[in-house]
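The values are calculated or read from the model by the stated rules, or taken from the named source; none is laboratory data. Remember, predicted model here, so these are calculated numbers, not experimental data. For neighbour counting, all protein chains shown are included, and Cβ atoms are generated from backbone atoms with ideal geometry for every residue, glycine included.
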Amino acid sequence: MRVLVTGSSGHLGRGLVRVLKADGYEVIGLDLLASSETDGVGSITDRSLVRRCMAEVGAVIHTATLHQPHVGTHSRQDFVDTNVTGTLSLLEEAAEAGVGCFVLTSTTSVFGRSLVPPPGAPASWITEDVVPVSKNIYGATKIAAEELAQLFHLEHGLPCMILRTSRFFPESDDNPEVRDAYLDANVKVNELLYRRVDIEDVVSAHLLALRRGSSIGFGRYIISATTPFARGDLAELRSDAPLVVRRLFRECEDIYARRGWRLFPSIERVYVNTHARDELGWSPRYDFGRALACLQADTDPSSPLAVEIGAKGYHATSTYPYTQG
């Protein structure tokens, strides 16, 4: 099958192209930036370019987007042009070409203001049933892109699969207070408890969505590492998260102490991937328990694909903490 991957020069796009090709797919990469994974260089808003890249394509994986780090460097109109108009262009051309499946990479950022519970309340249990409330233009345009995908499924029968991915970028945390208080590796392992996922698991979820989309028709899925927490932990997570973690992972305290690491004192929300595991048959491998085992053995908890891809950046020049594209 020939697969069109947009954003093919980016972090996720490069990983997808490499794994798809290794699995025997013919891949057409489309991106604003040239790279070894990109065949068509240009914007997803360029309808003639999109149409050419869509020729004889059996499926589309749409990762191209303006991201959260672009909020401070790009206008709201830029976000609408890329995330909404660009997605519309791809959907229209995919429907016209009779594409068998359209996979849209979305984000848990769509939940926005729904993520943070009021003071004194338990941590939020975030499933696909939680109603998004936009926090910024990034979230608003990603919600709009999702709604367009659903519209094309309903009106044209185009199978559309939406993957709301949690954090998988390798850059330092965008919160300066977190960067100052914790080592970067410490932050990323902590986040595997509730809001991070390894890129290898993200890629495997996309491939499953690609293969099963035509039979499912339409679906939205949270793509995040499997949390060890249960609903009954939510109140305690908000007030004393380390107590919950130490109860579940007795070895954690010694492993962290040897490195001078600390757990976050409070967790505000927990992403739940049950729907993706049940409906897609997704089996993410890189969770907090595995990371602890790697730390115990003094090995890197990141996947080989994460190490291979590294950081691809978001901007033409460096904008700390984000790397240059």
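Please list, ordered by residue number, the helices (runs of 4 or more DSSP H) wholly in the range 1-110 having 2 or more residues that are touching a residue at least 24 places away in the same chain (Cβ under 8 Å) and out of contact with any Ser or Thr (no Cβ under 7 Å at 6 or more places or on another chain).
It comes to 11-22, 47-53, 86-97.
Where in the range 188-289 are the helices (runs of 4 or more DSSP H), entirely inside, with at least 3 residues that are buried (at least 22 other Cβ atoms within 10 Å of the Cβ)?
199-216, 234-248
Tell me which residues, restricted to the range 7-46, are closer than 18 Å to T82 by Cα, among the aliphatic types (A, V, I, L, M) and surrounded by fewer than 23 Cβ atoms within 10 Å (Cβ to Cβ).
L32, L33, A34, V41
Within the range 270-325, can you find the residues that are more than 23 Å from L208 (Cβ to Cβ), among the polar types (S, T, N, Q) and modelled with pLDDT of 95 or more?
Across the range 270-325, the qualifying residues are Q296, T299.
Only one of these conditions is not met by D81: (1) at pLDDT 95 or above; (2) closer than 17 Å to L148 by Cα. Which number is it?
Of everything listed in (1) at pLDDT 95 or above; (2) closer than 17 Å to L148 by Cα, D81 misses just condition (1).
(1) surrounded by 19 or more Cβ atoms within 10 Å (Cβ to Cβ); (2) modelled with pLDDT of 95 or more: which one isn't true of L49, the others all being true?
Unmet condition: (1).
Select from the range 63-84 the residues that are of a type in the set (D, E) and surrounded by fewer than 16 Cβ atoms within 10 Å (Cβ to Cβ) and list them in ascending order.
Hit for the range 63-84 is D78, nothing else.
Scan (1) without any contact (Cβ under 8 Å) to a residue 24 or more places away in the chain; (2) touching a Phe, Trp or Tyr at 6+ places or on another chain (Cβ under 9 Å) for the single condition T141 breaks and write down its number.
Tallying (1) without any contact (Cβ under 8 Å) to a residue 24 or more places away in the chain; (2) touching a Phe, Trp or Tyr at 6+ places or on another chain (Cβ under 9 Å), T141 fails exactly one: (1).
What is the one condition in (1) in a helix (DSSP H, G or I); (2) within 21 Å of A181 (Cβ to Cβ); (3) in contact (Cβ under 8 Å) with a residue 12 or more places away in the chain that L305 does not satisfy?
(2)
If E147 satisfies all but one of (1) buried (at least 21 other Cβ atoms within 10 Å of the Cβ); (2) of a type outside the set (G, A, S); (3) part of a helix (DSSP H, G or I), what's the number of the condition it fails?
All conditions are met except number (1).
What pairs come out if I take residues in the range 169-198 that are of a type in the set (D, E, K, R) and at pLDDT below 95 and pair them with residues that are surrounded by fewer than 18 Cβ atoms within 10 Å (Cβ to Cβ) and not in a loop (DSSP other than H, G, I, E, B) whose C-beta lies under 6 Å away, six or more apart or interchain?
Matching pairs, first to second residue: D173/R179.
When the residues of the range 55-113 are narrowed to those that are over 22 Å from R18 (Cα atoms) and of a type in the set (F, W, Y), which ends up farthest from the chain's Cα centre (by Cα)?
Among those that are over 22 Å from R18 (Cα atoms) and of a type in the set (F, W, Y), it is F79.
On the phi < 0 side of the Ramachandran plot, surrounded by fewer than 21 Cβ atoms within 10 Å (Cβ to Cβ) and either at pLDDT 95 or above or in contact with a helix residue (DSSP H, G or I) (Cβ under 8 Å, 6 or more places away or on another chain) (or both): does that describe V60? Don't jump to the end; show me each part of the working.
Details: on the phi < 0 side of the Ramachandran plot: yes; surrounded by fewer than 21 Cβ atoms within 10 Å (Cβ to Cβ): no; either at pLDDT 95 or above or in contact with a helix residue (DSSP H, G or I) (Cβ under 8 Å, 6 or more places away or on another chain) (or both): yes.
Criteria not met by V60.
For the range 121-144, how many residues are at pLDDT 95 or above, in a helix (DSSP H, G or I) and either surrounded by fewer than 15 Cβ atoms within 10 Å (Cβ to Cβ) or among the hydroxyl-bearing types (S, T, Y) (or both)?
The total comes to 1.
Among S134, S166, S124, which is the only one that is of a type in the set (S, T, N, Q), free of Cβ contacts under 8 Å to residues at least 40 places away in the same chain and either touching a helix residue (DSSP H, G or I) at 6+ places or on another chain (Cβ under 8 Å) or over 25 Å from D198 (Cβ atoms) (or both)?
Unique residue meeting the criteria: S134.
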